[in-house]
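Worksheet: the structure to be examined is printed underneath.
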Amino acid sequence: MIDKFNTSLSDSQATSVTPIIPEKFDIEEYSDYEQQKLETCEKFWKLNSGVLVYRRVRVKEVFAGGCADMSKSLAYQLGALKLSMQYKTDVPNFLEPWYGIGTVASAFGFEYVWEKDLAPAVRRKLASISALLELETSAVQDTKIGKHTLQMVEYFLDKTKGRLPMSYSDIQSPLNIVADMLESSQFYIDFYLEPEAIKTAFDKAADLSIAFLKLQANIIGKSLAKPGHGFASCRRFDGIGMSDDIITMLPSDLYKEIAIPSFAKSGAAFGDPAFHSCGNWSGKKDDIIAIQGLRMADGAFSLATDPNANPTDGFSDTFTNTGVVLNARIVGDIEVVETKVKELWKPGMKLVVVTYCESPEEQEQVYNRIHEICK
């Protein structure tokens, strides 16, 4: 079995897509296709054990420079929806009004920096948590990027007549939000020197996120696919997904005591949280499964997906009989996916296997094998 990260790729999970302008996209066709999938998704969500296969069609341009142009982003995403229909899957793909890491930082007065062909990012860093708390904040929706994101949501809805599934924009967890605004050398020291200030900052970030996401949820309405962003999502699922990648840098005691409360608070406002982290978070899986109200946890489980992917050891024991969905991203061929699923699966689990097979034929083989393994 060959499983290694391809360093020549700019996005290991991406699929090449031909963009389609809204006027050329068959909304009726995709709406019918989505409806065919929703009964299976709803049944899975209500059961205590089961498996779904999700062939995600991720477009690298959408998560890079292409997000700067909402019409270009939508055309690529419509192309992804059209292509996804060729692959055997249980969960339909969805639209996402995405705009880089740092949206909530704008409420603290941070401005995005746009580099050519890259997604926007926050470059300015503050020296301490106390310096951050001294800043006056505004509502995210009143900032330049906040207004633009809401305009993008409305543009997507208008061009698709509100009939296609669409998630929230990616917001990140309070931990990720605050970490992105501070010098890392001092940030981790402040966990020990200023724990109450860190908690206050996380709580403030959570409140700003909740308010902005509620606006999006109200605008998107019945089209809302949850938990959103990098998770398998649909109108029959619940919760809200947040990237909590800084978890890999924290010891368990600090993560549980200081970071989890604001994460759980953010999730509780939207039907409870869904967790994501890049890299290897296997050492924290017991902390994560204990998060109040947790609905789903996402991770990479092949080296072709992430060069520091999670080992499969112990995940079935941790997630079995909890009702929490494990969203397992596995880039790789049939053998890689089959091996990882056998190592992950155990009756009593709720498992979503996210595949990236190159051809519809390979996807069908993988799909059938996964459902055979997880009977």
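Every number in this text was worked out from the coordinates using simple rules, so none of it is lab data. Note that the coordinates shown come from a computational prediction; the quantities given were computed from them, not determined experimentally. Positions of Cβ are generated from backbone atoms using ideal geometry, with glycine treated the same way; all protein chains shown enter the neighbour counts.
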*asked:* Past 18 Å, Cα to Cα: identify those pairs from Lys214/Lys265; Lys226/Lys350; Lys82/Lys226; Lys82/Lys159, in the order given.
replied: Lys82/Lys226
_I'd like to compare 262-273, 152-163: which one has the highest average count of other Cβ atoms within 10 Å, and what's the full order after that?_
262-273, 152-163
_Compute for the range 50-104: radius of gyration divided by Kirkwood radius, i.e. Rg/Rh, restricted to C-alpha atoms, rounded to two decimals._
1.04
*May I have the pair-distance distribution P(r) for the range 276-375, computed from all Cα-Cα distances with 5 Å bins from 0 and rounded to whole percent?*
2, 14, 26, 26, 18, 11, 3, 1, 0
*What is the Cα convex hull volume of the chain when expressed per residue in Å³?*
124
*Order by protection proxy (mean Cβ within 10 Å, highest first), peptides 114-121, 318-325, 6-13*: 318-325, 114-121, 6-13
_With just the Cα atoms defining each centre, how far is the range 65-142 from the range 200-247? Give it in Å._
13
*Considering only DSSP beta bridges with both partners in the chain, what is the antiparallel share in %, to the nearest 5?*
10
_Give the aspartates and glutamates reachable from Lys199 as a straight Cα distance under 13 Å; neighbours fewer than 8 places away on the same chain don't count._
Asp190, Asp207, Glu257
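Going by average Cβ density within 10 Å per residue, which order do the peptides 355-368, 122-135 take, highest to lowest? Can you show the working numbers first?
On the way: 355-368: 17.4, 122-135: 15.6.
With the highest mean Cβ count within 10 Å placed first, the list reads 355-368, 122-135.
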*Taking Rh as the Kirkwood radius computed over C-alpha pairs, what is the Stokes-Einstein D of the range 131-171 at 25 °C in a medium of viscosity 0.890 mPa s, expressed in µm² per second?*
204
*asked:* Counting only helical runs of four or more DSSP H residues, what would the 222 nm mean residue ellipticity of the chain come to if each run contributes -39,500 (n - 2.57) and the total is spread over all its residues?
replied: -11500 deg cm²/dmol
*Surface/4 of the Cα convex hull for the range 335-375, nm²*: 2.7
*Counting only residues 5 or more places away or on other chains, whose amide H sits under 5 Å from the amide H of Asp298 once H atoms are built in the peptide plane?*
Phe275, His276, Ser277, Asn327
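Listing Phe315, Phe25, Phe275 from the residue with the fewest other Cβ atoms within 10 Å to the one with the most, what is the order?
Ordered from fewest to most neighbouring Cβ atoms within 10 Å, Phe315, Phe25, Phe275 come out as Phe25, Phe315, Phe275.
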*the range 77-215 - convex hull of alpha carbons, volume per residue in Å³*: 142
*Stretch Gln86-Glu23 to full length: gain in nm at 0.36 nm per residue minus the Cα-Cα span?*
20.6 nm
*Summarise the long-distance tail of P(r) for the range 215-314 by giving the % of C-alpha pairs beyond 24 Å.*
24
*Of all alpha-carbon pairs in the range 1-129, indicate the percentage at a distance above 26 angstrom.*
41
